[in-house]
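Okay, so here's the structure we're looking at.
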Ligand SMILES: *Cc1c(COP(=O)(O)O)cnc(C)c1O
């Protein structure tokens, strides 16, 4: 009889089930050594030489993420989401053309506009959810990378990964997807044709707002992936072992957290849609969201934990409402077990597509009735 393959949630819960051979511990030890003994014949039979290129705790966390993303070439962990994302762009060559989502994580957009252009990359920002516009922007043979974030900050725009992968590949380009807000629980971009998946593991993968980390995953162990490995090693971008351990601990509960957070986000989106002080709710789970049909196809088991609301009283009322939350925490970042609220326009600055009356909500695992009651009282106070 062939053995039934285990569900990813079972494998993640046990961090792939590795038992420490020395003590039989079910939680693996944290490997902190920066250096490793050479064999008498001068070889390194363990495969470990030095702490900047490699670390066993990092390997273990990478294996869990690679399993979750179904990444055949594996995963690489970095010291932050930005370190992971920028390694992909640095693996390109001067003069290469990049097409990136117009609605995307603001700090990466800022880096692309400043540092990446200084490195000689040519970058166009387009709505990657508009396939006709995207096709126009892609230059066959010249465009080397399409970078799409989906659902994308802070409007939760949905990009059709399978369709964009086809456009990229027809032009001889790769597709990289920032899948931070979908997480592998809802979407596995590599199975839909993407070449690289990026995560700000700082967010829901770790889930406890106590680690800054980033990750890349790939299917093909090709020259591009090896350049990314060389960049991580050369620039010292590897995640530290303590953070890798915490991230692995976080990923053990990823499925239960994500399921609760997405279910609560959906309930909040529905209730807030009927709230008299909310003019618009942006959430891909709502049928009126422009990306809903694609999201329903490409996201499994929920539409994620992120939503935004536009407040009926405009920017001043949005800022004032955020000032009155009691249970929600008024802070940047997302994906933790605690719910966060943020007036995004004041963070993103000039050039951002974020409307000034928008509040971004990261849904945690608190009781959803408590969350709604807090938003309701804050909106009322914000319009008082
Ligand atoms: C936070 C975030 C990043 C950057 O990750 P850091 O760990 O903060 O460097 C990139 N993309 C998205 C979607 C994010 O939310």
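Out of the stretch 18-46, which residues are at pLDDT below 95 and on the phi > 0 side of the Ramachandran plot?
Within the stretch 18-46, just 42 meets the criteria.
Give the residue that is nearest to the ligand (Cβ to nearest atom), with candidates limited to residues of the stretch 185-194 that are in contact with a helix residue (DSSP H, G or I) (Cβ under 8 Å, 6 or more places away or on another chain) and closer than 25 Å to residue 223 by Cα.
189
Check off (1) without any contact (Cβ under 8 Å) to a residue 40 or more places away in the chain; (2) more than 16 Å from the ligand (Cβ to nearest atom); (3) in contact with a strand residue (DSSP E or B) (Cβ under 8 Å, 6 or more places away or on another chain) for residue 325 and give me the number that stays unchecked.
Among (1) without any contact (Cβ under 8 Å) to a residue 40 or more places away in the chain; (2) more than 16 Å from the ligand (Cβ to nearest atom); (3) in contact with a strand residue (DSSP E or B) (Cβ under 8 Å, 6 or more places away or on another chain), the lone unmet condition for residue 325 is (1).
Out of the stretch 86-101, which residues are under 21 Å from residue 351 (Cα atoms) and within 14 Å of the ligand (Cβ to nearest atom)?
86, 100, 101
Out of the residues in the stretch 137-173 that are at positive phi and surrounded by fewer than 24 Cβ atoms within 10 Å (Cβ to Cβ), which is nearest to the ligand (Cβ to nearest atom)?
Ranking the qualifying residues of the stretch 137-173, first place goes to 172.
Can you tell me which of 218, 265, 176 is buried (at least 21 other Cβ atoms within 10 Å of the Cβ) and more than 16 Å from the ligand (Cβ to nearest atom)?
From the options 218, 265, 176, the qualifying one is 218.
Looking only at the stretch 371-379, decide whether some residue is at pLDDT 95 or above, within 22 Å of the chain's Cα centre (by Cα) and surrounded by fewer than 19 Cβ atoms within 10 Å (Cβ to Cβ).
Scanning the stretch 371-379 turns up no residue that is at pLDDT 95 or above, within 22 Å of the chain's Cα centre (by Cα) and surrounded by fewer than 19 Cβ atoms within 10 Å (Cβ to Cβ).
Check off (1) in a strand (DSSP E or B); (2) touching a residue at least 60 places away in the same chain (Cβ under 8 Å); (3) within 11 Å of the ligand (Cβ to nearest atom) for residue 203 and give me the number that stays unchecked.
Evaluating residue 203 over (1) in a strand (DSSP E or B); (2) touching a residue at least 60 places away in the same chain (Cβ under 8 Å); (3) within 11 Å of the ligand (Cβ to nearest atom) leaves (1) as the failure.
Can we say residue 107 is surrounded by fewer than 18 Cβ atoms within 10 Å (Cβ to Cβ), under 16 Å from the mean Cα position of the chain (by Cα) and assigned by TED's automatic domain parsing to the domain that holds residue 172?
yes
Is it the case that residue 134 is farther than 21 Å from residue 218 by Cβ, touching a residue at least 24 places away in the same chain (Cβ under 8 Å), more than 16 Å from the ligand (Cβ to nearest atom) and outside the structural domain of residue 294 (by TED's automatic domain parsing)?
Yes, satisfied.
In the stretch 232-249, is there at least one residue being at pLDDT 95 or above and assigned to a strand (DSSP E or B)?
yes
The values are calculated or read from the model by the stated rules, or taken from the named source; none is laboratory data. Just so we're clear, the structure is a prediction, and the values are computed from it rather than from any experiment. With ideal geometry, Cβ positions are generated from the backbone for all residues, glycine too; neighbour counts draw on all protein chains shown.
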